[in-house]
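Down below is the structure, laid out as structure tokens.
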Amino acid sequence: MTEPTFLRSGRAYSQAPLFVLQPPHSGATFCVSTLLQVARKASGAQELGRMKRIQRARRMVMDLRLSLLWLPFSGNGIHQDAVPGGEEDGRTTYVGRVEHNGDEIPGRVVPGDACYVAYAGGEQRHERYSVLVNRGIRLQWILDSGGAVPPKAVVGGRTRSGEELYIGRTHHEGSLVLGKVQPSQGYLCIAHGGREYCYFEYEVLVTESVQPIG
């Protein structure tokens, strides 16, 4: 096999020698320094693309570390990062939601028992539910009324028609009870003792930055 020929053609601005490549049986010549520059640029573009992918992955990891998540749950206990929101009989209750008749409804989780939500004038009990988990997001409860919610209110669910439901709470018969705020209805509705109760004034769960995942 005939080897290509390298012919010296001068010096670059940096005084480095320049060569041209002449393939066998061909009158064409190629500047080696130009080919090297193209190769370096291609390599640099690949490295830049790799670094961008790494940065995106790191951002995704940070987003998961600092996030609100709906996680499926059932059985005893409660997730260690579950969002507390209520209290009854000296026990803390947590923010949960269930799927019921095509709606996603926020309500209260009683650890070791179930999730209770208000629906059609009654109280619905579900042993399978999702619990709201907080990984580093600052949350607060803000007073509101009449179906209104503050900016950045946490979305707790949706009706089958697509209306968003929000997470609210109020004092009821000595307990602090979690429930749903449905703007079109103008109230916070809670479930307690087998019945549904609606309140004009209530507190709403608000986040500084993100909405729940899941």
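A short reminder: the numbers here are calculations on the coordinates, not readings from a lab. What you see is a predicted model; the values in this text were computed from it and never measured. A quick note on method: Cβ atoms are made from the backbone with ideal geometry, for glycine too, and the neighbour counts reach across all protein chains shown.
The table below lists the values:
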| item | result |
| --- | --- |
| Global form of segment 161-208, assessed from the alpha-carbon gyration tensor, a/c cut-off 1.5 | oblate |
| Loop GluC sites (Glu not before Pro), segment 156-214 (other Cβ atoms within 10 Å of the site Cβ: 12 or fewer; DSSP) | Glu173, Glu208 |
| Inter-probe distance in nm under a simple model that places probes 7 Å from Cα toward Cβ, at Glu208 and Asn76 | 3.7 nm |
| Extension gain, Glu47 back to Thr159 (0.36 nm per residue minus Cα-Cα distance, nm) | 35.6 nm |
| Hz values of 3J(HN,Hα) by residue in segment 100-117 - Karplus curve (6.51, -1.76, 1.60), Gly and Pro given as x | 9, 6, x, 9, 9, 10, x, x, 10, 9, 9, x, x, 10, 6, 10, 10, 9 |
